[in-house]
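Following: one structure in structure tokens, then a few remarks.
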Amino acid sequence: MRAGTEARPERPSWLGSLQLPRPLALRWLSGGLLLIGAAVAAAWLLLAATHVDDRYRLDHVAGARIALAQYLNDGTLYPSLYDGSTYGGTRFMPLPVVLHAAMARLTGEYVVSGKLLAYGTMLALLGVTFILLRRMRCPFPIAVGLLAAVMTTWTGLVAGMGLRADSLPLLLQLLAVAAVAGSRRPAATVAGAALAALAFAAKLSAVWAPLAICLWLAAVDRRRLAWFLTAYGALVGGLLAFFAAVSDGRIFENVFGLSTAGVAGAGSLLRGPSSLIRLLADEATAAWALLPVAGAATWLAARQRQVSIYVVSLACCLLVLVVVLADVGTGGNQLIDLVVLTVLVVGELAGRSRSDPLASVAVPAGLAVVLLWVTVTGLVVTVGPDAREAVGMLRGTRLYSRQPLSGQATPATRLLSEDPYVPVSLGQRPVVLDPFMLRRLQDRDPAAVQRLVERIRAREFELVVLVEPLQPADRDWWRDMHFGVPVTQALADAYTDSGRAQGYYLYRPARSDGSGGAG
């Protein structure tokens with residue numbers, strides 16, 4: 001209802017006098033949010049422009065994704081787990097691989113193409129989040145502050161600048177939820193199912209959206225629930241059948257056969273909650289600070305019987321996260337969904353408060369204070385150091401080279417690398433596609449891994465490149481995460497330290513008398 005069309009009840013004079021200073025303070029807080037939002041955006045633009053063609057925020061996981069795109073462009077979607085010389089194995093779903101491979105065909109390489117995809121996806125994710133916040137009537141400065149909170153977390157920075165492809169399934173799931181919530185028409189429900197199915201094709205654990213949609217539709221419209229379930233099941237089945245045909249069935253031995261490879265028994269389920277708390281504090285401070293606000297918003301919505309689909313989505317996301325983080329191979333990158341959904345629930349609270357004369361000032365002011373603290377801290381601690389480094393690079397200091405072994409190896413060098421990107425950068429096919437999966441393959445096919453051990457002891461490789469130091473060969477990283485102790489013990493026996501290059505640890509064959517090889 002427009003202002004002035006209805007007589008407003010008179011307020012006590014003491015109430016009006018108490019509220020007089022607040023609008024001015026709120027204006028200052030709003031200005032602060034807009035200023036810090038602009039600073040965060042400028043820092044991100046600097047990082048994106050400076051690092052579009054280097055390995056900034058790329059790790060061995062990104063290397064595996066790059067290698068999969070290379071395989072696809074060479075005609076293979078998902079290599080065999082073991083073909084006699086190279087080792088496959090991955091849990092990555094195919095949609096990001098297909099998009100990366102297609103972009104790489106346009107650019108002729110795999111780093112810039114991946115970075116452009118990551119930038120575009122993150123920009124779309126932030127845009128959709130902002131539009132949803134404004135549709136919830138979230139005040140503009142609060143919406144800007146909430147987006148800045150996402151961008152100043154480690155998980156947000158990795159999602160936007162790296163190649164882990166977590167932002168794509170999140171974007172698709174958000175669009176699915178928005179489509180179902182925005183219209184009662186069957187077409188919108190089917191569109192939501194299609195988007196949710198594409199999200200599943202992008203990430204195996206992208207299931208919080210269909211779960212939330214089903215719970216929400218079960219409460220508000222069971223006829224549409226039948227439409228959604230039918231369409232979602234058919235589309236997921238169709239996508240899996242298509243990718244199974246293209247990969248000659250290897251999607252099942254890779255993705256689904258290895259989906260629980262990092263879960264070590266029922267006791268691993270206890271790891272999920274503790275990992276979630278630790279990662280929130282370490283890598284997603286914004287969510288850590290805003291989750292209590294989101295909890296309060298959920299309680300108020302339940303009390304008023306106005307629970308939105310975004311509140312349900314947040315609850316489903318938390319449930320899925322606890323299960324996913326039970327896997328030792330998961331980390332803080334998984335939190336981007338939780339961060340964005342927390343932001344939406346908090347923004348929804350800010351929007352609803354505008355209809356309450358008292359809360360319309362108190363809630364935005366309180367949120368503004370929290371957001372200023374979170375975003376300033378994140379800008380100084382998380383984004384700021386990288387932005388200062390990027391300024392130094394503009395002055396001529398180049399870091400994160402796309403050719404990390406320049407001067408150390410050639411395309412003809414026989415190479416074993418923990419990061420698959422290293423051989424790809426030399427035009428080679430990686431011997432090990434994913435060192436995390438090699439450790440799991442050891443349990444399933446010990447003979448295949450033993451063949452690699454024999455090659456190492458025979459000093460077949462001229463150079464070994466690791467992302468972690470080799471010694472001790474039986475420490476947790478090698479025992480539980482990468483390669484496995486038989487492989488690393490063979491490396492320790494046959495290879496010797498040869499220095500570092502671009503953050504990698506280099507090892508060359510030891511001489512037969514036990515002394516080091518040429519460095």
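Observations, loosely collected:
- 0 to 90° range, to nearest 10: angle between helix 140-151 axis and the chain longest Cα axis: 20
- Here the extension length gained between Q304 and M393 equals 26.7 nm, from 0.36 nm per residue of separation less the Cα-Cα distance.
- Long-range tail of P(r) for the stretch 70-128 (Cα pairs > 17 Å, %): 48
- Degrees, to the nearest 10: 384-394 long Cα axis against longest axis of the chain: 60
- Take the chain and mark each of the trypsin sites (Lys or Arg not before Pro) that is in a DSSP loop with at most 10 other Cβ atoms within 10 Å; the longest unmarked stretch, sites excluded, is 3-304.
- Theoretical gain in end-to-end length, A219 to R444 [0.36 nm per residue, Cα-Cα removed]: 76.5 nm
- Length-normalised contact order for the stretch 321-435 - Cα pairs under 8 Å, 6+ apart - percent: 11
- When only Cα pairs below 8 angstrom with a gap of at least 6 residues are kept, the stretch 135-277 shows a relative contact order of 17 percent.
- Extension gain from A362 to Q471, taking 0.36 nm per residue of separation minus the Cα-Cα distance: 33.6 nm
- Protein accessible area in the chain, 1.4 Å probe - carbon and sulfur %: 61
- Here the contact order of the chain, divided by its residue count and restricted to Cα pairs under 8 Å and six or more residues apart, works out to 20 percent.
- Exposed loop sites are taken as GluC sites (Glu not before Pro) in a DSSP loop (any state but H, G, I, E or B) with at most 10 other beta carbon atoms within 10 Å; the longest stretch of the chain without one runs 11-519.
- Value of D in µm² per second that Stokes-Einstein yields for the stretch 123-281, Kirkwood Rh from Cα pairs, at 20 °C (1.002 mPa s): 121
- Cα centroids of the stretch 121-143 and the stretch 377-391: 24 Å apart.
- Angle in degrees between helix 21-50 and the longest Cα principal axis of the chain, rounded to the nearest 10: 20
- Calculated FRET efficiency for the pair V52/D83, C-beta based, R₀ 45 Å, to 0.05: 0.85
- Percentage, to the nearest whole number, of Cα pairs in the stretch 273-358 over 21 Å apart: 31
- Rounded if a/c under 1.5, otherwise prolate or oblate - the stretch 87-209, Cα gyration tensor axes: oblate
- Gyration tensor verdict on the chain (Cα atoms; rounded if a/c is under 1.5, prolate if a/b is larger than b/c, oblate otherwise): prolate
- Distance histogram for the stretch 407-519 (every C-alpha pair counted, 10 angstrom bins, percent rounded to whole numbers): 15, 50, 32, 3
- Solvent-accessible heavy-atom area per residue, rounded to whole Å², over the chain at 1.4 Å: 43
The values are calculated or read from the model by the stated rules, or taken from the named source; none is laboratory data. What you are looking at is a predicted structure, and each value in this text was computed from that prediction instead of being measured. No Cβ is skipped: glycine too gets one built from the backbone with ideal geometry, and neighbour counts run over all protein chains shown. To get the accessible areas, we keep the full protein, side chains included, count just its heavy atoms, and leave off ligands, DNA and RNA. Shrake-Rupley method; radii C 1.70, N 1.55, O 1.52, S 1.80 Å.
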